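The values are calculated or read from the model by the stated rules, or taken from the named source; none is laboratory data. Quick caveat, the model's predicted, so the values are computed rather than measured. A quick note on method: Cβ atoms are made from the backbone with ideal geometry, for glycine too, and the neighbour counts reach across all protein chains shown.
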Amino acid sequence: MPALVLLTTEELEKRPDLPGLEKVLEHTPSVRGARTCRAEVRPDCLSGTLVLPRKGKDGVRAAYGLLVTRNRIVLTDDSASLPPLLHRIAQEKRWTKGTVGQTLYDFFEQLIARDLHRLEELEEQAEALEDQVLADGVDSLSAAMNALRKETMALFRYYSQLDDVACELCENENGFFSETETERFRLFEGRVARLRENAQLLCEYCRQIQSAFQAQIDIRQNRVMQILTIVTTIFLPLTLLTGWYGMNFVNMPELSWKYGYLMVGVISAAVLVLGLWICKKKKFW
C-alpha cells in the first residue's frame, strides 16, 4: 500500500509535518460541515469529500476528506469508521503492487461493497409495506413509509454525487493513474451508475406505494363520508317531521287524536324503510 495518511480534523488543523505534502496539505478538506460528495482537481493534487448516507452508532453520517497526489493519499475522518475499512483493504491485497490508483480504487470499491445488499433489503421492506397497503392495513404505515422514502432518496443523491466523483477520477486530468487504473475507475463508475439506477427505481417504487397508501386512506374517508351521507339522507325527513310536530301548536288535530302518536311512528318507520330502499337501489353500500 502506498504512503497513506489518516488524520482527524483536529490533527489536520495542527498542520502536521508530512514530507512531500507541504505544498498541498492545505487543500485537504475538513469533514466538519461536509454535506455532499465532491471532487476538485488541482494542478498538483485531487481533493474532495465523501459523505455516506448510512449513519454510525452516534447517529451521525460518516464523512471523509480526501487528498490524492501522485504518490500519497491523505484521508480525514472524525467518525473512527475508516480504520476498520482500511484494515479490510490491507488484508485482501487484491493487487499487491499497491500504487495510489489501485489503493484508491480498493477504497472506493470497499465503500460500495455492501450497498447492493442494502438496496435489496430496502426493496424487501418496500414490498412488505405494499402487501400491507393492499391488505388494507394502513393504520401504522405512515412513519415506516416516510422513513423508507427518505432513505431511498438519500441513497439516490449519494450515488449521483459519487458518480460525479468517479467521473473526475476517470478523466485523470493530472495523470496520476495508469491506463489500467483509469479503466478500473471506469468500472467503478459503471457500478455506481447501476446503483444509482437501482436507487432511482426504488424511489419510484416508494412513490407508487405512497400513492397506493394515499388511495387507501381516500377510500376509507370516502366510506366514512358515504355512511354520513346515508345517515343524513335517511334521518333528515325524520328530523323535519319531529321538528314540525314539536312546535305543539294547539290547532294541530293530530296532537289531540288518540292515534296521532301511532300515525307519526308509522310515518317515521315508512320514511326510514323508504330511505334504506332508495340507498340500496342506488348502491350506496
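The figures follow:
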item: Which listed residue, of 70, 35, 94, is modelled with pLDDT of 85 or more, under 26 Å from residue 178 (Cβ atoms) and in a loop (DSSP other than H, G, I, E, B); result: 70
item: Hits in segment 140-174 - residues which are small (Gly, Ala, Ser) and either touching a helix residue (DSSP H, G or I) at 6+ places or on another chain (Cβ under 8 Å) or at pLDDT 90 or above (or both); result: 142, 144, 154, 160, 166
item: Which listed residue, of 154, 199, is out of contact with any strand residue (DSSP E or B) (no Cβ under 8 Å at 6 or more places or on another chain), touching a residue at least 12 places away in the same chain (Cβ under 8 Å) and under 19 Å from residue 126 (Cα atoms); result: 199
item: Exclusive hit being of a type in the set (A, V, I, L, M, F, W, C), part of a helix (DSSP H, G or I) and surrounded by 20 or more Cβ atoms within 10 Å (Cβ to Cβ), set 188, 177; result: 188
